[in-house]
Ligand SMILES: [Zn+2]
């Protein structure tokens, strides 16, 4: 059984019912966190995920609403006595800044018993991040104000595909990531040179042949989300859901 859990669905300004956008992918072999905007441990407790079982953390880009919880997360892992290595994935710029952030906290002096492995990826096209029998993860650089990765999870056993745009303006890289995806989680912050509107997300989902579009990184107000759903549905012509915190997709295997 695999699960994709929306740990947070809000844009940069979170609300009591909506944390900043981040996710957890749970498969039999891996638990992959995507971004780390704030305290992660309350979410792990809420969704019954053991902090000892998290295998990977992907940082899409180095903006506060995506990485501010990193040092706290690593400190919490130390304090619960984690021993299993943790794998951090991202662009070289992002991992370099993450290291510098952790250095400010003098993390090398922590008496932690787990190691942290940095895996930098860069280059054109789809970049392989992970290859397990139950999940292949690819990334591609998208179009934001800082170096940013969008993601494509392919699940070979079920043939399913899930894509996440990260923060981006509409661009060919997101279309490639989303091509034929069962589920596309696309940001819908608003039109502009570094973000995407709900209408643009709908248009992109249609071009990419996506089955179900989920909007994330949105205004947490339920009325605003309803309006964004309508806009995207009109442009997409298929099912659209404005994601909420706790929304979970479950599939076999
Ligand atoms: Zn953001």
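Bear in mind that the values in this text are calculations on the coordinates, not laboratory data. Everything numeric in this text was worked out from a predicted model, so none of it was measured. In this analysis, Cβ positions are derived from the backbone assuming ideal geometry, glycine residues included, and neighbour counts consider all displayed protein chains.
Here the spin labels are modelled as points 7 Å beyond Cα on the Cα-Cβ line, and at residue 29 and residue 45 they lie 3.2 nm apart.
Pairwise Cα distances in segment 50-109 exceed 14 Å in 57 percent of cases. Against the longest alpha carbon principal axis of the chain, how many degrees, from 0 to 90 and to the nearest 10, is the axis of helix 92-104 turned? That works out to roughly 40 degrees. Remark: the residue 53-residue 252 segment gains 69.7 nm on full extension, using 0.36 nm per residue and subtracting the alpha carbon distance. Counted residue by residue at 0.36 nm each, then reduced by the alpha carbon distance between them, the extension gain from residue 119 to residue 68 reaches 16.4 nm. For segment 51-152, the ratio of Cα radius of gyration to the globular rule of thumb 2.2 N^0.38 Å stands at 1.10.
Counting only DSSP beta bridges whose two residues both lie in segment 130-188, roughly 80 percent are antiparallel. Each of 4, 110 has some number of other Cβ atoms within 10 Å of its Cβ, and from fewest to most they run 110, 4. For segment 183-247, the Kirkwood hydrodynamic radius comes to 11.2 Å, computed from all pairs of different C-alpha atoms. Within the chain, antiparallel bridges make up roughly 55 percent of the DSSP beta bridges whose residues both belong there. Dividing the convex hull volume of the alpha carbon atoms of the chain by its residue count gives 110 Å³ per residue. Every helix of 4 or more DSSP H residues in the chain counts as -39500 (n - 2.57), and over all residues that averages to -7500 deg cm²/dmol at 222 nm.
A simple spin-label model places the labels of residue 136 and residue 3 2.7 nm from each other, with each point 7 Å out along Cα-to-Cβ. Fewest neighbouring Cβ atoms within 10 Å first, the residues 138, 114 line up as 114, 138. Based on the Stokes-Einstein relation at 25 °C and a viscosity of 0.890 mPa s, and on the Kirkwood radius from alpha carbon pairs, segment 163-220 is assigned a translational diffusion coefficient of 229 µm²/s. Rounded to the nearest 10 degrees, the inclination of helix 198-208 to the longest alpha-carbon principal axis of the chain is 90 degrees. Counting every pair of alpha carbons in segment 4-71, the share spaced more than 13 Å apart comes to 61 percent. Shown for 185, 214, 155: other C-beta atoms within 10 Å of each C-beta, ranked fewest to most, produce the order 155, 214, 185.
From the largest down, segment 100-149 spans 38, 34, 13 angstrom on the principal axes of its Cα atoms. Label zone (residue 111, point 7 Å along Cα-to-C-beta; backbone nitrogen cut-off 19 Å) within segment 72-91: 74-84.
What is the percent of Cα-Cα separations in segment 104-253 that go past 23 Å? Roughly 41 percent, rounded to a whole number.
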